[in-house]
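Inspection log for the structure reproduced underneath, given as structure tokens.
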Amino acid sequence: MINKNTKIIKKIIWLRLAQIIINDRYKQGDFDVPIHLAMGHESIAVAINSVMRKTDSLFLTHRNIHYNLSRIETLKEELDEYYLRHTGLAKGSLGSMNLSNPDKNVIYSSNILGNNLAVGGGFALGNKVKNPNGVVFITTGDGAIEEGVFFESLLFLKSNSLPSVIIVENNEWSLGTKIEEIGR
């Protein structure tokens, strides 16, 4: 029997390989939608997926590939969505940057910087009444920290004692410039 650690490691490796396949197809011009990979962030998605319960919800940014793949555990539906096929995860209607999957508790994804923080906060407030056992997981990138909605959302969640987890991912890029290059 495979122990839990081995399953987690295999899933992390699978997520990386899935992204490599998607990236290769993207470089070949196979997709008509932009794709934002999350190389190096696979373990975060696997960790969140492993602790989420049926009552929990997930709110994502435009860089959602690793979370969606971790939740569905198949490459075909995600690829079909990027090909905008009716067999895709969202029937080919959402592409990549707004890809959600309510069946797997991926409630919302947004390509608007920081937008998912406020939406997740509002959902958490409703959740407190309708689903008092649910935790709202909200991911964001380090770039959203510069937006007012980041701090307002944290204050809102804390002030209302809303069960939530905020995950801030740093991909070491500031738009098109590596963070280490800023200020040179």
Which of the lysines could be linked to LYS4 by a straight reach, that is with a Cα gap under 24 Å, when you skip same-chain ones fewer than 8 residues away? LYS54, LYS104
Could you estimate the translational diffusion coefficient of the chain from the Stokes-Einstein equation, with Rh from the Kirkwood formula over C-alpha pairs, at 20 °C and 1.002 mPa s, in whole µm²/s? 125 µm²/s
Among DSSP beta bridges lying fully in the chain, give the percent that are antiparallel, nearest 5. 20 percent
Non-local amide H neighbours of PHE137 (under 5 Å, H modeled in plane, Pro and chain starts lacking H): which ones? SER57, LEU58, PHE59, VAL165
Which residues qualify? For GLU169, with a placed amide H closer than 5 Å and at least 5 residues away or on another chain, they are THR140, GLY141, ASP142
Of all the accessible heavy-atom surface of the chain, with the other protein chains kept in place and a 1.4 Å probe, what percent is carbon and sulfur? 55 percent
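The values are calculated or read from the model by the stated rules, or taken from the named source; none is laboratory data. Everything numeric in this text was worked out from a predicted model, so none of it was measured. Side chains included, ligands, DNA and RNA excluded: accessible areas come from the protein's heavy atoms. Shrake-Rupley method; radii C 1.70, N 1.55, O 1.52, S 1.80 Å.
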